[in-house]
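Before any comments, here is the structure.
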Amino acid sequence: MARFTVLVADDDQEIRDGIEIYLKNEGYDVLKAADGKEALELLGSNEVHLLVLDIMMPNMDGITATFKIREENNIPIIMLSAKVEDSDKIHGLSVGADDYVTKPFHPMELMARVKSQLRRYVQFGTYEGSQKKIVIDGLALDEEAKEITVDGVGVKLTPIEFKITELLMKNAGRVFSINEIYERVWNEQAYNAENIVAVHIRKIREKIEADPKNPRYVKVVWGIGYKIEK
């Protein structure tokens, strides 16, 4: 069984050390950083499979660090914050985070989210079905290469964005409700999923649509959900 390395970035040493204990008990290797700048340095010199990243940190906060990481790297990012406002959650997700945990949290909840994100990252697009390549107009998904292209040009998607796009493409023409998308992609019961899904859909559109405000591929069916036309 492969060993995974998780990078924990938080300016509170007790939180870093506490998360490390639980991660090591689950069999993960752990790297620790006190701020976003240190996290980027560790990420650049180590093979890291997942980040647990606090939002409020000195020198470089989690939002800025996530934005920089997403320029080159699609590994899963779970954000931590004491803030509970939806705007903070949306901001974190909009710059590329895959999940969000509000402090204080139960350590086993965080461990469950780590396992879930790593499982998706390793599988990265393995929904049921035997199709290896799906082409819808100029949008193409290669399941084996885990790549999406638009008019022949590669598009960088996060694991969550890839899973949502794959779900819609493999079921072209079918409308998925927000709760259905959340439950199929996050593998957990939907709760206040509207903003989370909407942010990811917006990011997908920004990457695959020539005009995100008038999407060619990802369509909204008002009052129901989203679909990709056949």
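Annotations
- So Arg202, is it under 17 Å from Leu141 (Cα atoms) and either aromatic (Phe, Trp, Tyr) or open to solvent by 60 Å² or more (accessible area, probe 1.4 Å) (or both): no
- In region 117-137, the residues that are on the phi < 0 side of the Ramachandran plot and at pLDDT 80 or above: Gln117, Leu118, Arg119, Lys133, Ile134, Val135, Ile136
- Lys207 vs. criteria among the basic types (Lys, Arg) and more than 19 Å from Ile78 (Cα to Cα): yes
- For region 213-224, a residue qualifies if it is surrounded by fewer than 19 Cβ atoms within 10 Å (Cβ to Cβ) and not hydrophobic (A, V, I, L, M, F, W, C), and the qualifying residues are Lys213, Asn214, Pro215, Arg216, Lys219, Gly223.
- Of residues in region 138-148 being at pLDDT 85 or above and over 13 Å from Leu168 (Cβ atoms), the one most open to solvent (accessible area, probe 1.4 Å): Glu147
- Within region 150-208, the only residue that satisfies the criterion of being closer than 19 Å to Arg113 by Cα, within 12 Å of the chain's Cα centre (by Cα) and not in a helix (DSSP H, G or I) is Thr158.
- Selection within region 156-199 - among the β-branched types (Val, Ile, Thr) and surrounded by fewer than 17 Cβ atoms within 10 Å (Cβ to Cβ): Val175
The values are calculated or read from the model by the stated rules, or taken from the named source; none is laboratory data. Treat the numbers as computed from the prediction; the structure is a model and nothing was measured. With ideal geometry, Cβ positions are generated from the backbone for all residues, glycine too; neighbour counts draw on all protein chains shown. Quick note on the areas: whole protein, heavy atoms, side chains included, nothing else; ligands and nucleic acids left out. Shrake-Rupley method; radii C 1.70, N 1.55, O 1.52, S 1.80 Å.
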